[in-house]
Amino acid sequence: MSGIPAIVILGSSALKLAERIRAALGEAEIHGLAARGPTDEGGTDASFSETIPHLAELFAEGRPIVGICAAGILIRALGGALQGKQVDPPVIAVAKDGSSVVPLLGGHHGANDLARRIAAAIGGHAAITTASDVKLGIALDQPPPAWRLKDAAAVKPVVAALLNGARAKIVNETSVDASWLDAIGGGETPTILISERADAAADLVYHPATLVLGIGCERLTESDEVGRLVERCLAEANLASQSVACVASIALKAAEPAIHAVATQLGVPARFFSADTLE
């Protein structure tokens, strides 16, 4: 999930509920329909005049949408804009009385988690309908933070087997706690492997973020040169880039573009430490 969630209300009567949801999410904006009367009583962050175009614009921006409205409004507004489950942002419908919170899109990409958080905050029911959550109790394509899938396409056949009654064989080559998978373990196939190895192979492979990549370089070294060196070193050590948790260097190198470029390439933070700390 990316982008700041937009809580969309169609009238001032939904403002109080929207404010409770915004407080629960921590970072969110309330968008109110201006034509339905005042919705800016100290609570809204933006207003709009036409509902369907505004929803479509938020969706196109990749913003998670929490609509305090009927699910049908969201469906009619966004139906023609859907691209696929891997790219569509989360969309959630919340009943005006707060009784139901329904993830309509992006269940395994943030919507289910958002729905649970919202329901807990407003005393409603999170109506989770994704099969793996309902039957298995976990979403294999949405692992815990700092766990990365080697191949997202491998999830579907594994989930299908588990939904048909199979029990997975969990193989953990690391010291990382993998108890979140206990509910589906205890069998022989499919095999789920937890590994830092680049050549790890199984029906489903997770790479936990356990490695710190230390980098030092001359001042203003070309980013491509450092990037190629990192790729070569990881390959020689047979370590998966997905298992890199952060890039680290001495504080004197905090302004080196190449180090920050590698961190960006790997999708991890860059951390810098004093010489005393690194000794």
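Quick notes on this one:
- For the chain, carbon and sulfur atoms together expose 52% of the accessible surface, with a 1.4 angstrom probe and every protein chain in place.
- The candidate values were (1) 0.95; (2) 1.09; (3) 1.05; the one computed from these coordinates for Rg/Rh (Cα atoms, Kirkwood Rh) carries the label (3).
- In the full protein context, the chain carries 50 Å² of accessible surface per residue, based on a 1.4 Å probe and ignoring ligands, DNA and RNA.
- Check: the range 217-279 dipole with +1 on Lys, Arg Cβ and -1 on Asp, Glu Cβ, in debye: 160
- Of the residues L17, L105, ranked by 1.4 Å probe accessible area with the largest first, the sequence reads L105, L17.
- Annotation: E61 carries an accessible surface of approximately 110 Å², with a 1.4 Å probe and no ligand, DNA or RNA atoms counted.
- Accessible-area value, L252, 1.4 Å probe, nucleic acids and ligands omitted, Å²: 150
- In this calculation the C-beta distance from A235 to V212 is compared with R0 = 25 Å, giving a FRET efficiency of 0.90.
- Measure of compaction for the range 67-226 (Cα Rg per 2.2 N^0.38 Å): 1.29
- Sequence-separation-based contact order of the range 188-279, relative, with Cα cut under 8 Å and 6+ spacing, percent: 28
- Cβ-based net charge around I128, under 13 Å, with every Lys or Arg adding one and every Asp or Glu removing one: +1
- Amide H contacts for A198 (H built 1.01 Å from N in the peptide plane; partners 5 or more residues away or on another chain; cut-off under 5 Å): L239, A240.
- Simple rule: put +1 on each Lys or Arg Cβ and -1 on each Asp or Glu Cβ in the chain, find the dipole, and look at P157, L213, A146; the Cα lying farthest toward the positive end is P157.
- Reach of K135 by Cα under 17 Å, taken over aspartates and glutamates that are not fewer than 8 positions away in the same chain: D113, D182
- Counting only protein heavy atoms and using a 1.4 Å probe, the accessible area of S249 comes to about 10 Å².
- Normalised contact order of the chain, rounded percent, pairs of Cα under 8 Å and 6 or more residues apart: 10
The values are calculated or read from the model by the stated rules, or taken from the named source; none is laboratory data. Quantities reported herein were computed from a predicted structural model and do not represent experimental measurements. All Cβ positions, glycine included, derive from the backbone under ideal geometry; neighbour counts span all protein chains shown. Protein only, heavy atoms only, side chains kept; ligands, DNA and RNA dropped before computing areas. Shrake-Rupley method; radii C 1.70, N 1.55, O 1.52, S 1.80 Å.
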